[in-house]
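J.: Let me give you the structure first, and then I'll get to my questions.
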Amino acid sequence: VQLQASGGGLAQAGGSLRLSCADSGRTLSGSAVAWFRRTPGKEREFVTAISGSGSSTYYADSVKGRFTISRDNAKSTVYLQMNSLKPEDTAVYYCAARSGRYPYTRVRDYDYWGQGTQVTVSS
């Protein structure tokens with residue numbers, strides 16, 4: 001699994017961005033995938049996760065109702081649609097995958113990590 005995160009950038013508060021997490025090895029199908037984010041001086045925090053089949057999703061309370069995770073297993077890609085962005089969403093966003101199908105929410109449960117993509121939300 002080789003993950004490549006993309007789609008970050010600058011958005012205004014209330015705006016939207018869509019992040020993508022693609023697996024160049026095209027082996028992402030069936031693996032649970034999560035997005036985490038990190039701000040300077042803080043640990044990575046869980047944002048959202050999706051099961052290997054896409055049938056189950058989990059969200060941090062801070063993004064529930066605003067962010068949506070989805071996946072296209074045929075394209076070996078997972079997406080994070082971020083709407084109603086807030087300045088506190090500013091962070092480096094990382095996608096991560098694990099060998100199993102269950103979408104855990106802890107950093108230590110994930111085996112493969114992308115390089116991160118910067119999201120900056122201005123007020």
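J.: Out of LYS75, LYS42, which single residue is at negative phi, surrounded by 13 or more Cβ atoms within 10 Å (Cβ to Cβ) and either out of contact with any helix residue (DSSP H, G or I) (no Cβ under 7 Å at 6 or more places or on another chain) or not in a strand (DSSP E or B) (or both)? Don't jump to the end; show me each part of the working.
T.: Numbers: LYS42 fails: surrounded by 13 or more Cβ atoms within 10 Å (Cβ to Cβ).
Being at negative phi, surrounded by 13 or more Cβ atoms within 10 Å (Cβ to Cβ) and either out of contact with any helix residue (DSSP H, G or I) (no Cβ under 7 Å at 6 or more places or on another chain) or not in a strand (DSSP E or B) (or both) holds for just one of LYS75, LYS42, which is LYS75.
J.: Going through SER56, SER6 one at a time, which residue ends up being among the hydroxyl-bearing types (Ser, Thr, Tyr) and open to solvent by less than 50 Å² (accessible area, probe 1.4 Å)?
T.: None of the others qualify; the one that does is SER56.
J.: Out of the residues in the stretch 72-82 that are in contact (Cβ under 8 Å) with a residue 40 or more places away in the chain and not aliphatic (A, V, I, L, M), state the one that is nearest to THR27 (Cα to Cα).
T.: Among those residues, the one meeting the criterion is SER76.
J.: When you look at THR39, is it under 17 Å from THR117 (Cα atoms), more than 14 Å from the chain's Cα centre (by Cα) and among the β-branched types (Val, Ile, Thr), yes or no? Walk me through it before giving the result.
T.: Numbers: under 17 Å from THR117 (Cα atoms): yes; more than 14 Å from the chain's Cα centre (by Cα): yes; among the β-branched types (Val, Ile, Thr): yes.
Answer is yes for this residue.
J.: Applying the selection to the stretch 27-36, what residues are touching a Lys or Arg at 6+ places or on another chain (Cβ under 7 Å) and either open to solvent by 70 Å² or more (accessible area, probe 1.4 Å) or in a strand (DSSP E or B) (or both)?
T.: Listed by number, the residues that qualify are VAL33, PHE36.
The values are calculated or read from the model by the stated rules, or taken from the named source; none is laboratory data. Model, not experiment: these values are computed from the prediction. Note that we place each Cβ from the backbone using ideal geometry, even for glycine, and neighbour counts take in every protein chain shown. These area figures cover heavy atoms from the full protein model, side chains too; ligands, DNA and RNA do not enter into them. Shrake-Rupley method; radii C 1.70, N 1.55, O 1.52, S 1.80 Å.
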